[in-house]
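Worksheet: one structure, shown below.
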Amino acid sequence: MELMAAVSSTFGTIALVTTIIGQMPQVYKAYRTKSTRDISMVMLINCLVCSASWLVYGTLEETTYVIWSNMLALVISVISILQKRLYDQKGQCFQTH
């Protein structure tokens, strides 16, 4: 049983770290460049729904790593969606027709 707890903890940590590594560079790049035109809003909303669903599942199953990794993913998804809305609106203000 101790081995299973160690394996579970290891993979939970990997999931938590890779969630952050997988999404934070995009948030940082969008912040730095103030551009999100190459990012799909459908994909961002899908990530939000996916994270929210996993968060509910993790809460129901009382799985700490699922809860924490998807709570972080949910926050990052919200930030990405807000960036997309903000930067795309600003970009439209400066377009010439």
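Just so it is clear, none of the values below were taken in a lab; they were calculated from the coordinates. Since this is a predicted model, take the numbers as computed values, not measurements. Cβ: placed from backbone, ideal geometry, glycine included. Neighbour counts: every protein chain shown.
If R₀ is 30 angstrom, what is the calculated FRET efficiency for the pair Gln26 and Ala6, using the beta carbon separation as r and rounding to 0.05? Computed FRET efficiency for Gln26 and Ala6: 0.40.
About the Cα centre of the chain, what is the dipole size in debye to 20, counting +1 per Lys and Arg Cβ and -1 per Asp and Glu Cβ, all else neutral? The partial results should precede the final answer.
On the way: 7 positive and 5 negative charges, 149 e Å.
Rounded to the nearest 20 debye, it is 720 debye.
Taking 0.36 nm per residue of separation and subtracting the Cα-Cα distance, full extension of the segment from Ala52 to Thr18 would add 10.5 nm.
Please report, in whole Å³, the volume per residue of the convex hull around the C-alpha atoms of segment 2-93.
Details: hull volume 7.0 nm³, N = 92.
Convex hull of Cα atoms, per residue: 76 Å³.
A simple count of charges around Ser8, restricted to other residues whose Cβ falls under 13 Å of its Cβ and scoring Lys, Arg +1 and Asp, Glu -1, yields -3.
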